[in-house]
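Written below as structure tokens is the structure these notes are about.
The values are calculated or read from the model by the stated rules, or taken from the named source; none is laboratory data. Keep in mind it's a predicted model, so treat the numbers as computed, not measured. Cβ placement follows ideal geometry from the backbone for every residue including glycine, while neighbour counts extend to all protein chains displayed.
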Amino acid sequence: MAFERGRFGIEYDLRQREREHESSGLGWVFVLVAVVAVASFVWTKFIRSDGEDEMPPVAPPVPSAVAPSTPTPSSPEAEPSTPPQAQVPEDKPQPPPTHVSDASIAKRPVKVRNLLMRLDEAARRKDIDMAVSTIEQLRALPGSPAADLDDSLARRLGVLNVKRLFELKNAQWVKTVVVKRGDAASRIAAENGSTLASLARLNGGNVDKITIGRKLYVMDHPRFNLVIHRRTRTADLSLNGKFFRRYDLDGEVSGEPGAYEMTANPRAVWRALGVSFKPADRTELETLLPSGAQVLVSEL
């Protein structure tokens with residue numbers, strides 16, 4: 001019970017008891033919180049740590065006989081153990097490449113640069129006539145600014161020319177004739193300055209029996225000339241005064257420089273000149289060169 005001096009003397013203070021009760025209640029709350037905090041600390045520090053120590057250690061993984069899988073690309077360890085292998089292009093038969101790198105093209109004269117880009121465009125379009133005319137312009141440029149590409153260009157031009165002759169039957173070299181009574185395949189070839197082999201190849205190989213009225217493709221009096229180069233071991237074939245195709249020789253040339261003439265026995269001519277060709281090239285030359293065609297052996 002609390003007393004205090006008031007207006008009317010000593011009086012009893014009712015709120016004093018309430019304040020004492022509230023003060024004692026808060027004290028118990030603080031004590032309870034402290035006890036809980038101490039108990040939690042003791043459980044975490046001692047009891048839980050002892051339990052974790054009693055857990056059995058995890059055994060290390062046993063190496064497997066199967067190779068581990070490759071980490072995914074998202075993993076920081078996903079780096080290849082060996083450098084990636086370069087893709088090997090498929091080995092497909094095709095004309096000798098004449099593509100020049102962009103860096104090399106940029107260093108060339110404007111005319112050469114434009115023609116090389118035109119040649120690439122012709123290849124993309126598969127336009128044979130465009131490719132042939134472009135190669136011929138490149139090889140005919142004054143001063144030979146594309147001399148380093150000349151051999152490759154010549155070989156590609158030869159592949160295209162053979163295709164134009166035997167597959168496309170180019171009108172500047174080939175004409176059609178109609179078989180008449182008394183005609184024979186060998187006679188038709190001879191009258192048009194060609195060979196029986198070229199007549200057969202132009203007509204699918206079936207000229208043994210020809211019927212009256214049949215149309216045949218035949219070369220129109222071609223003027224073939226072959227120049228054999230002793231030093232470079234190559235042979236250039238021209239048709240009607242223009243380059244047609246380049247061939248490689250097997251071995252050295254023993255024949256003396258000079259002019260010769262093709263006969264009805266081509267292999268005897270090759271032996272006399274001391275030259276040897278790959279079988280496919282020899283067959284093609286014997287198909288194209290008629291009797292009387294000029295053969296020149298050059299020292300170069």
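Counting only strands (runs of 3 or more DSSP E) that sit completely within segment 213-264, those holding 3 or more residues that are surrounded by 13 or more Cβ atoms within 10 Å (Cβ to Cβ) and out of contact with any His (no Cβ under 8 Å at 6 or more places or on another chain) correspond to 215-219, 224-229, 234-239, 242-248.
A140 meets the conditions (1) at pLDDT 95 or above; (2) of a type in the set (A, V, I, L, M); (3) surrounded by 19 or more Cβ atoms within 10 Å (Cβ to Cβ) in every case but one. The failed one is (3).
Looking at segment 275-295 only, could you name the residues that are under 13 Å from L237 (Cβ atoms) and either free of Cβ contacts under 8 Å to residues at least 24 places away in the same chain or charged (D, E, K, R) (or both)? Listed by number, the residues that qualify are D281, R282, E284, E286. Scanning segment 108-130 turns up one or more residues that are of a type in the set (V, I, T), farther than 19 Å from L168 by Cα and part of a helix (DSSP H, G or I). The single residue among V269, V207 that is buried (at least 17 other Cβ atoms within 10 Å of the Cβ), modelled with pLDDT of 95 or more and not assigned by TED's automatic domain parsing to the domain that holds I135 turns out to be V269.
Comparison of K175, K180 shows that the only residue that is part of a strand (DSSP E or B), loosely packed, with under 15 Cβ neighbours inside 10 Å and basic (K, R) is K175. In the condition set (1) outside any helix (DSSP H, G or I); (2) over 27 Å from I135 (Cα atoms); (3) touching a helix residue (DSSP H, G or I) at 6+ places or on another chain (Cβ under 8 Å), L199 is compliant with all but (1).
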